[in-house]
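Asker: Let me begin by handing over the structure; questions about it come next.
The values are calculated or read from the model by the stated rules, or taken from the named source; none is laboratory data. The model shown is predicted, which means the values in this text are computed figures rather than measured ones. Every residue, glycine as well, gets a Cβ built from its backbone with ideal geometry; the counts of neighbours run over all protein chains shown.
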Amino acid sequence: MSKIDLSLKNLEELFPKDFSQEQIAKAKTIFLKELSLLSHQFYGGKIQTLPKAGLYGFNWFNVYYTPGVSKISTTIRDNNDSSFELSNRGNLVAVVSDSTRVLGDGDCTPPGGLGVMEGKAYLMKYLAGVDGIALCVNSYNKQGKHDPDKIIDFVKMLEPSVGAVNLEDISQPNCYKVLDTLREECDIPVWHDDAQGTGSVTVAGLINALRIVNKEINDVKIVMYGAGAANATIARLILQAGGDPEKMVIFDSTGGLHKGRDDIKADTRFYRKWELCEKTNPKRINDVEEACKGADVLIAVSQPGPDVVKPRWIRAMGSKPIVFACANPVPEIYPYAAKEAGAYIVATGRGDFPNQVNNSLGFPGILKGALLVRARKITDEMAITAAYSMANYAQKKGINPDYIMPKMDETEMFAYEAADVAMEAIKNGVARIKLDKETVVKQTLDDIKRTRDTIDMMMANSFIHRPDVKILEDALKKAVDSVK
């Protein structure tokens with residue numbers, strides 16, 4: 001085993017030279033999971049709360065608290081919108097989940113989602129300078145079932161304290177009711193990142209993939225494997241971006257979605273799926289392999305793989321096929337296997353493979369743009385604008401089959417994305433205040449720099465401790481031993 005670089009660059013080089021591509025892919029997944037457990041134990045989680053106002057003497061508590069703070073209370077009482085500038089509300093997002101569908105692990109019980117929600121908060125802060133707070137809620141009713149109304153009531157009660165709400169890892173069909181109700185009834189953006197976020201970044205990746213293969217979105221045949229909140233929203237946004245519904249076939253665990261699916265029509269909780277049944281798959285195709293014949297695009301957001309998407313499906317596709325295998329933590333098919341089957345462009349949700357189509361590229365910048373203009377909601381038009389912002393940024397850098405999306409370390413992309421989203425919010429009439437694009441870019445870059453400088457200072461002064469290399473060595477050993 002190679003010596004481990006704490007930066008975790010070039011993960012493939014950590015493993016024995018005689019490992020096959022399949023063994024390396026499996027070992028990477030095990031290594032990252034084991035290291036995650038050990039590092040979370042080491043740090044006790046990922047997020048803490050620190051003041052951002054200076055303390056120059058103890059009398060400043062009379063300014064920050066009583067009696068001085070009374071002026072803040074009465075000012076906000078007389079103008080609730082002043083809370084966005086007189087408190088941290090204007091830069092604070094609540095990451096809310098009932099933990100019923102955490103990544104590919106399903107229902108993890110209410111506290112089981114905390115690792116993911118803290119991760120979202122960390123990404124928001126580091127990538128866009130947005131503060132986030134992880135809030136995992138118990139949505140069980142007296143009958144022991146998850147009740148969407150409990151999440152709705154919780155968010156409504158929470159609304160006065162935050163500038164936006166990021167819903168996460170809520171299983172369907174509850175996620176539809178929760179999002180659609182709160183989008184209409186709250187006066188701040190309520191955003192379901194598994195749905196709108198994944199939809200936005202997937203559309204971005206698709207835009208550039210189609211540019212590379214020289215195909216138009218309205219001409220391509222698209223197969224979508226999985227019909228949960230993510231793929232259902234991806235489908236809706238693709239159609240809004242110009243996709244042809246008659247050339248789209250979507251599959252859930254029962255078969256293709258189409259007008260003959262009376263089981264979906266009968267259950268009104270799945271109204272979003274029924275809308276797609278009415279629009280897509282006019283030939284009522286029920287076999288995935290048949291649907292893939294001659295298809296240009298296969299987008300899978302279903303269950304962790306690696307053998308969920310079959311190589312023969314890809315071999316049946318048309319010229320220069322595009323395959324998105326976006327299940328986490330393991331894609332439905334590994335990129336090397338998809339390429340061997342003939343895929344021209346392959347994307348996954350993971351950053352250790354080329355073409356990461358992951359909502360981490362979307363939600364930090366999108367939420368930042370919405371917050372800066374104090375938007376009342378995030379419209380679908382704002383999500384599509386973000387998709388084109390991401391795609392165009394990558395295109396300017398020079399896209400190719402292994403680079404269809406910006407990478408997380410391309411900091412300026414988040415600032416331009418925030419600005420594009422903010423301008424679209426103003427255009428859509430959902431912004432409380434108007435800013436110009438240059439102001440949003442500068443503010444976002446300033447906030448990102450301040451965040452990263454603070455983290456660097458804390459690391460340099462051991463306020464954030466450096467993990468013992470033994471943690472990495474133990475995780476690597478377990479991964480190698482598990483795969484041998």
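Asker: Name the single residue, out of those in segment 273-294 being among the aliphatic types (A, V, I, L, M) and surrounded by fewer than 23 Cβ atoms within 10 Å (Cβ to Cβ), that is nearest to R101 (Cα to Cα).
Answerer: Applying the filter and picking the extreme gives V288.
Asker: Go through segment 437-473 and give me each residue that's at pLDDT 95 or above and charged (D, E, K, R).
Answerer: K437, E438, K442, D446, D447, K449, R450, R452, D453, D456
Asker: List the pairs whose first member sits in segment 8-23 and is touching a residue at least 24 places away in the same chain (Cβ under 8 Å), whose second member is in a helix (DSSP H, G or I) and among the aromatic types (F, W, Y), and whose Cβ atoms are under 7 Å apart, counting only residues at least 6 apart or on separate chains?
Answerer: Q21/Y336
Asker: In segment 69-80, how many are in a loop (DSSP other than H, G, I, E, B) and in contact (Cβ under 8 Å) with a residue 40 or more places away in the chain?
Answerer: 0
Asker: In addition: For the condition in a helix (DSSP H, G or I), of a type in the set (V, I, T) and not assigned by TED's automatic domain parsing to the domain that holds G205, what is the one hit in I378, I314, I384?
Answerer: Going through I378, I314, I384 in turn, the sole match is I384.
Asker: What are the pairs, 6+ residues apart or on separate chains, where a residue within segment 100-127 that is polar (S, T, N, Q) has its Cβ under 8 Å from a residue that is part of a helix (DSSP H, G or I)?
Answerer: T100/N174
Asker: Scan segment 12-33 residue by residue and report those that are among the aliphatic types (A, V, I, L, M), closer than 25 Å to R466 by Cβ and buried (at least 19 other Cβ atoms within 10 Å of the Cβ).
Answerer: The answer is L14, A27.
Asker: When the residues of segment 353-386 are narrowed to those that are more than 15 Å from the chain's Cα centre (by Cα) and of a type in the set (S, T, Y), which ends up nearest to A338 (Cα to Cα)?
Answerer: T385
Asker: Within the group P306, P282, which residue is at pLDDT below 95, out of contact with any Cys (no Cβ under 7 Å at 6 or more places or on another chain) and farther than 30 Å from A425 by Cα?
Answerer: Every option except P306 fails the conditions.
Asker: Please name all residue pairs, on different chains or six or more residues apart, with Cβ atoms under 8 Å, provided the first residue is in segment 388-411 and is within 26 Å of R452 (Cα to Cα) and the second residue is in a helix (DSSP H, G or I) and among the polar types (S, T, N, Q).
Answerer: Matching pairs, first to second residue: M390/S200; A391/N208; A394/N208; M405/N208; M408/S360.
Asker: What is the one condition in (1) at pLDDT below 95; (2) in contact with a helix residue (DSSP H, G or I) (Cβ under 8 Å, 6 or more places away or on another chain); (3) loosely packed, with under 13 Cβ neighbours inside 10 Å that K434 does not satisfy?
Answerer: Among (1) at pLDDT below 95; (2) in contact with a helix residue (DSSP H, G or I) (Cβ under 8 Å, 6 or more places away or on another chain); (3) loosely packed, with under 13 Cβ neighbours inside 10 Å, K434 violates only (1).
Asker: Go through segment 38-68 and report how many residues are among the hydrophobic types (A, V, I, L, M, F, W, C), free of Cβ contacts under 8 Å to residues at least 24 places away in the same chain and loosely packed, with under 14 Cβ neighbours inside 10 Å.
Answerer: The number of residues fulfilling the criteria is 6.
Asker: Which members of segment 304-348 meet the condition of being under 16 Å from the mean Cα position of the chain (by Cα) and surrounded by fewer than 20 Cβ atoms within 10 Å (Cβ to Cβ)?
Answerer: Correct list: N328, P329.
Asker: For segment 100-124, name all the residues that are outside any helix (DSSP H, G or I) and over 15 Å from the mean Cα position of the chain (by Cα).
Answerer: T100, D105, G106, D107, C108, T109
Asker: Do we have A204 as buried (at least 24 other Cβ atoms within 10 Å of the Cβ) and within 18 Å of the chain's Cα centre (by Cα) here?
Answerer: yes
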